[in-house]
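Structure first, commentary second.
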Amino acid sequence: MGGRLTGRVALISGAASGMGAAHARAFVAEGAAVMIGDISDAAGALLAEQLGERAGFTHLDVTRGSDWEAAVAATVARFGKLNVLVNNAGILDGGPIGTYTEKQWQNVLSINLTGPFLGLTAARDALVAGRPAAVVNISSAAGIQGVPGAHAYTASKFGLRGLTKSAALELAPLGVRVNSVHPGGILTPMLGADENATLDRGQNPLARLGLPEEVTPLVVFLASEESSYCNGAEFVVDGGMTAGRA
């Protein structure tokens, strides 16, 4: 296989399914060791088994700082270091202002925005020790433009874009780069989508959903030293959704 990530050790949140699983598979194929973090224990453990000795699984609820600390410790104990963090875990829900509840709002922000902050907090020292290191925050096209009805999701993804920039400025002198990836509509369980699902042409000039495997090469690039001069930036992979109306 490839070797673009040879010698890299990554912790990926939400990696038991969807885009996170695609990223984990590609990382191992490109020579990295990967710790799969997820709340889905059975699926995560199965994927780690399938990927072989350079993959492990740890239970990770991204809203719990103690889980993050344990995941970082498990990664270093298993693979000797940590120099790539992929904040991938996220949820999507929506509803109109007036009926969308504070509980829903807080739940989305706790996973999509506080989760990556807790991940950065727990992994900071290990990333610095393992430098050159890279953090890849999976934001969304909703971190570039608004989505009506998806208020918490949009706010969380704009927030993650901002956190990416503040962390990038702070950590650059310590050998840690931080960038964000902004996928459009991707065919994953989060969308409740099936293989026949499409997007309206007005939303996306390619008139289809993307595949996780179309996002993964960008994540591999940002995790590798190929992107050594990329820092604090957003990378959009959305089929043209944010370019304007087709």
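The values are calculated or read from the model by the stated rules, or taken from the named source; none is laboratory data. Just so it is clear, the structure is predicted and the values come from calculations on it, not from any experiment. Note that we place each Cβ from the backbone using ideal geometry, even for glycine, and neighbour counts take in every protein chain shown. The protein model used for the area step is the full one, side chains on, heavy atoms only, and it has no ligands, DNA or RNA in it. Shrake-Rupley method; radii C 1.70, N 1.55, O 1.52, S 1.80 Å.
Values as computed for the structure displayed
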read-out: Residue that is surrounded by the fewest Cβ atoms within 10 Å (Cβ to Cβ) [pool: residues in the stretch 55-72 that are within 22 Å of LEU5 (Cβ to Cβ) and either modelled with pLDDT under 95 or out of contact with any Gly (no Cβ under 8 Å at 6 or more places or on another chain) (or both)]; value: GLY56
read-out: The stretch 141-154, subset surrounded by 22 or more Cβ atoms within 10 Å (Cβ to Cβ) and touching a strand residue (DSSP E or B) at 6+ places or on another chain (Cβ under 6 Å), residue nearest to GLY240 (Cα to Cα); value: ALA141
read-out: Scope the stretch 155-176; condition in contact with a helix residue (DSSP H, G or I) (Cβ under 8 Å, 6 or more places away or on another chain) and either at pLDDT below 95 or open to solvent by less than 20 Å² (accessible area, probe 1.4 Å) (or both); matching residues; value: SER156, LYS157, LEU160, ALA167, LEU171, VAL176
read-out: Residue in the stretch 10-21 that is outside any helix (DSSP H, G or I), in contact (Cβ under 8 Å) with a residue 40 or more places away in the chain, touching a helix residue (DSSP H, G or I) at 6+ places or on another chain (Cβ under 8 Å) and surrounded by fewer than 23 Cβ atoms within 10 Å (Cβ to Cβ) present; value: yes
read-out: Qualifying positions in the stretch 101-137 - of a type in the set (A, V, I, L, M, F, W, C), within 17 Å of HIS182 (Cα to Cα) and outside any helix (DSSP H, G or I); value: ALA134, VAL135, VAL136
read-out: Subset of the stretch 177-213 [modelled with pLDDT of 95 or more, of a type in the set (S, T, N, Q) and out of contact with any Leu (no Cβ under 6 Å at 6 or more places or on another chain)]; value: SER180
read-out: Lone unmet requirement of (1) open to solvent by 50 Å² or more (accessible area, probe 1.4 Å); (2) over 22 Å from GLY175 (Cα atoms); (3) touching a helix residue (DSSP H, G or I) at 6+ places or on another chain (Cβ under 8 Å); (4) modelled with pLDDT of 95 or more for MET1; value: (4)
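One line per residue, one yes/no per condition, for (1) closer than 19 Å to HIS23 by Cα; (2) open to solvent by less than 10 Å² (accessible area, probe 1.4 Å):
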position: GLY90; (1), (2): yes, no
position: ASP93; (1), (2): no, no
position: PRO96; (1), (2): no, no
position: TYR100; (1), (2): no, no
position: LYS103; (1), (2): no, no
position: LEU109; (1), (2): no, no
position: ARG124; (1), (2): no, no
position: ARG131; (1), (2): no, no
position: ALA134; (1), (2): yes, yes
